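Q: Here it is, the structure, as structure tokens.
The values are calculated or read from the model by the stated rules, or taken from the named source; none is laboratory data. Everything numeric in this text was worked out from a predicted model, so none of it was measured. For neighbour counting, all protein chains shown are included, and Cβ atoms are generated from backbone atoms with ideal geometry for every residue, glycine included. Accessible surface areas use protein heavy atoms only, side chains included; no ligands, DNA or RNA. Shrake-Rupley method; radii C 1.70, N 1.55, O 1.52, S 1.80 Å.
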Amino acid sequence: MSTRAGAPARGAAVYGAVLRRPGALLTFAASVLARLPIAMAPLGMVLLVERTSGSYATAGAVTAAFAVGTAAGAPVWGRAMDVRAQARVLAPAVTASAALLAVLALAATGGAHAVWLCAAALGAGLTFPPFSAAMRASWRVLLHDPAHRRAGYALDAAAVEALFVLGPLLLSALLVTLPTTGPLLVTAAVLLVGGLGYAATGPARLGPHERGAATGGAAAPAGSAPAAPVTGAPAAPVTVAPAPRPPAARTALLGSAPLLAVLATGLAMALAFGATDTSLAATARTVLGDDAALGLLFAAIAGGSTLGGLTYGALSGERTGARLLPLTLGVFGAGLAVVALVLAAPGSPPTPLLLGVLFLVGLVIAPSLIIQQALVDALSPPARTTEAQAWLSTAVTTGAALGTAAAGAVIEGAGVAPAFGSAAAALGAAVLVAVLSQRPWARAAQASGAGGAAEVAEVAGRA
């Protein structure tokens, strides 16, 4: 985790230091595999149900049921992972979710009624755990240096961006080589293998008190031993004094106005995500007249986001916290406004220009997500950070679904350019919330003391 001089690794070298940490590479790889199905399942459902029922409306309803399930279930699983070992929660949950995905695939080919298909999709979503929130808790166990921890979060965000490009590509390849049920059955198998693999890792097996001792957060009860290292070596019998229980831990998690403000920015940003995805699909089909161009458009924005996230994570400066969020969200919105203007101009828009603007837009997406996740960590009680991160996942999932639906209506009524404009407007709202929340975020982070002085400085931008 350090250079030869003993200083923590910085720049691009920080990622090597992160992945060389004992247990980090295996845990991270398993979590990535476990999250691949979230990028495959929705498209797999659409393709399967449309082919078997002949109705896009039915396919959309089934996919919506899955999205509703994941949004509703995430906070429940997050809270469960805060009060017991992740492995005890994840193993039965992913087994149930994978089984229900397989049931959905077989029921669709068997001609089951749409109601039963929606029920299976809803159940698969409800039992799909928030692996991103779980992995974030594992990073806190594995990485103790603030710069390395931030790099781990950035690596994670970049991987998620890559998944949403690779998932549909893999699904498309499976669709060519396998029977109709094949892609969704493979998705279920990937979920089962990845989920159980992650549950078997060292950080996932730690109980809540062991995690608290390992991260320096909520300590174990007096007289108990600290957690053994994730490599499995026995811990020394050292007595750990109990930490005072934060007052926020005794209140409703969503009773915190600063935390709700973070969730509001995430929801507004996700509205833009959903609207952008739908608008890009419409751009490829109706504006550029080439469905194959959709892959290029997505690759441009996802590639920018991956690079932006990795660059952000490699930064060693301290002025990279909440103060930066209005700027990143503003650049995101301004870029989408430029796309809207390009599409509204007379004539066929130049594809290279669109790709360039989308790449620049993508540069700020992953950093925006990382900053929001860091704020959630700093503003939530140490014993409930997994649940809080799951609420952020729910806000993003809900916002993306609403944005997708809203953009479809705008495209039908006014065209593609106004749809990008509506996405930019949603980001304008997110910027406004982020600007107005700067002081409350700084005060709340300083009052909670979550994560220590270094984490407060990281999140509050040393306000």
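Q: If GLY111 passes every condition in (1) without any contact (Cβ under 8 Å) to a residue 60 or more places away in the chain; (2) assigned to a helix (DSSP H, G or I) but one, which one does it miss?
A: (2)
Q: Please go through (1) surrounded by fewer than 22 Cβ atoms within 10 Å (Cβ to Cβ); (2) modelled with pLDDT under 90 for TYR153 and return the number of the only condition it doesn't satisfy.
A: TYR153 satisfies all of (1) surrounded by fewer than 22 Cβ atoms within 10 Å (Cβ to Cβ); (2) modelled with pLDDT under 90 except (1).
Q: In segment 365-390, how many are open to solvent by 20 Å² or more (accessible area, probe 1.4 Å) and under 18 Å from GLY274 (Cα atoms)?
A: Residues that pass the stated criteria total 1.
Q: Let me ask something else about it. I need the full set of residues from segment 312-330 which are open to solvent by 60 Å² or more (accessible area, probe 1.4 Å), in a helix (DSSP H, G or I) and either free of Cβ contacts under 8 Å to residues at least 60 places away in the same chain or among the hydrophobic types (A, V, I, L, M, F, W, C) (or both), in order please.
A: Matches in segment 312-330: LEU327 only.
Q: Let me ask something additional. Among the residues of segment 191-199, is there at least one that is open to solvent by 40 Å² or more (accessible area, probe 1.4 Å), closer than 30 Å to LEU297 by Cα and at pLDDT 95 or above?
A: no
Q: Turning to a different aspect of this structure: If I ask for residues that are assigned to a helix (DSSP H, G or I) and more than 13 Å from THR283 (Cβ to Cβ), which ones from segment 411-420 would you list?
A: Answer for segment 411-420, where residues must be assigned to a helix (DSSP H, G or I) and more than 13 Å from THR283 (Cβ to Cβ): GLU412, GLY413.
Q: Could you tell me how many of the residues in segment 344-386 are hydroxyl-bearing (Ser, Thr, Tyr) and either free of Cβ contacts under 8 Å to residues at least 60 places away in the same chain or assigned to a helix (DSSP H, G or I) (or both)?
A: Residues meeting the conditions: 4.
Q: So which of LEU117, LEU126 ends up being open to solvent by less than 20 Å² (accessible area, probe 1.4 Å) and within 16 Å of ALA61 (Cα to Cα)?
A: Every option except LEU117 fails the conditions.
Q: Condition first: surrounded by fewer than 24 Cβ atoms within 10 Å (Cβ to Cβ) and of a type in the set (A, V, I, L, M). Now tell me which residues in segment 39-58 satisfy that.
A: Result: ALA39, LEU43, VAL46, LEU47, ALA57.
Q: For a quick check of your reading: which helices (runs of 4 or more DSSP H) sit entirely within segment 5-98 and have at least 3 residues that are touching a Cys at 6+ places or on another chain (Cβ under 8 Å) and modelled with pLDDT of 85 or more?
A: In segment 5-98, there are no helices (runs of 4 or more DSSP H) which contain 3 or more residues that are touching a Cys at 6+ places or on another chain (Cβ under 8 Å) and modelled with pLDDT of 85 or more.
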